[in-house]
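I have placed the structure first, in the form of structure tokens, so that the comments after it can refer back to it.
Taken together, the values in this text are just the output of simple stated rules run on the coordinates, not laboratory data. Remember, predicted model here, so these are calculated numbers, not experimental data. Reconstructed Cβ throughout: ideal geometry from the backbone, glycine too, with neighbour counts over all protein chains shown.
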Amino acid sequence: MNFLEIKAFSEALSHQVGVQLLRDFGQVQAAEKADGSLVTQSDRWADEQIRNAIAQTFPDHGVLSEEAEHQFPDREWCWIIDPLDGTTNFARGLPLWGISIALLYQGTPVFGYVHLPPLNQSFHGFWQGESGLDLPSGAFLNDKLIHSSQEALTRNHFFNLCARSTSVLKNPFPAKIRMLGVATYNLLTVAAGATMGGVEATPKIWDIAAVWAIVQAAGAVWYPLESEPIFPLKVGKDYSSRSFPTLVVSRENLVPVFEPLVRAIGNQ
């Protein structure tokens, strides 16, 4: 496996899809799915374009996607895609949304690429973990190396919440709060050193697969808010309704600072 080619493929594909999504931005109607989230024709179009490109370029790889393929396949290599993360922002005209692409080896992400067309920002990262693969190293924003913040926490630093985690504000919070409306970007800002932490209460696997590789490659800490491990994914399991409550912090010693404040989110 040539991982520089994997990066080049993900970059070209996400940028190509992003050009059309920018044309559609703010011009499409959204419908409500069974789970209450929104979907547009742009989501479905982007999903199909990405799946078709993967099938043509990597015919022996599996695919898991938000809009079509929900059951994890029996393949050594599998892609997980969120063709449009931040659909509500996209449909309502807020210029913060992205395209998320992850590559998994034996059920665990080893590469992630997230492109945010309105911001002209692209994150990618390689994470060897316990895969035993010979991978490039590091996390990058627009091809520049990034690392999570090592600064001492103050009340002038940021922490990101999602819409379903606002209950944590019942107690005093040790940082300024931001809510971005895009699960991937919510956590990627930790990788970039812009925020000290972030929490997602109900992310699906396509929301977090690419980010899982990138944030750890950047030195950040991924802390699941439930006891069951996320990866490796299980062959044959349907991941359409499974949520993975997650805390990400910039370094290990911030886990005991933020985890008690957001712990209850894992029980939602």
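Any idea what log10 I(q)/I(0) is at q = 0.11, 0.21 Å⁻¹ for the range 1-145, Debye with uniform C-alpha scatterers and no solvent? So the normalised log intensities are -0.41, -1.33. Taken about its Cα centre, the range 158-267 carries a charge dipole of about 200 debye when Lys and Arg each add +1 at the Cβ and Asp and Glu each add -1 at the Cβ. Positive end of the dipole of the chain (Cβ unit charges, origin at the Cα centre): among Leu254, Met1, Ser227, the Cα lying farthest that way belongs to Leu254.
State which stretch of the chain is the longest one without any exposed GluC sites (Glu not before Pro), exposure meaning a DSSP loop state and at most 16 other Cβ atoms within 10 Å. The partial results should precede the final answer.
Numbers: sites that count: Glu76, Glu130, Glu151, Glu226.
Maximal segment without exposed cleavage sites: 1-75.
Taking all Cα pairs closer than 8 Å and separated by 6 or more residues, the relative contact order of the chain comes to 17 percent.
Using the Karplus relation 6.51 cos²θ - 1.76 cosθ + 1.60 with θ = phi - 60°, the per-residue 3J(HN,Hα) values for the range 46-61 come to 4, 4, 5, 4, 5, 4, 5, 5, 5, 4, 6, 8, 10, x, 8, 8 Hz, with x marking Gly and Pro.
If only the Cβ of Lys and Arg carry +1 and only the Cβ of Asp and Glu carry -1, the dipole of the range 3-146 around its Cα centre is close to 460 debye.
DSSP finds beta bridges in the range 1-118, and of those with both partners inside it, around 80 percent are antiparallel.
With N set to the number of residues, divide the alpha-carbon radius of gyration of the range 158-267 by 2.2 N^0.38 Å and report two decimals. Compactness ratio reported: 1.00. The mean sequence distance of close C-alpha pairs (under 8 Å, at least 6 residues apart), as a share of the length of the range 158-267, puts its relative contact order at 30 percent. Out of every Cα-Cα pair in the range 86-164, what percent are more than 18 Å apart? Of the Cα pairs, 59 percent sit more than 18 Å apart. Lysine pair count for the chain (Cα-Cα distance under 15 Å; residues 8 or more apart in sequence or on different chains): 4. For the chain, what class follows from the C-alpha gyration tensor (a ≥ b ≥ c being the square roots of its eigenvalues): rounded when a/c is under 1.5, otherwise prolate if a/b is larger than b/c, else oblate? Rounded shape, in that the Cα axes give a/c under 1.5.
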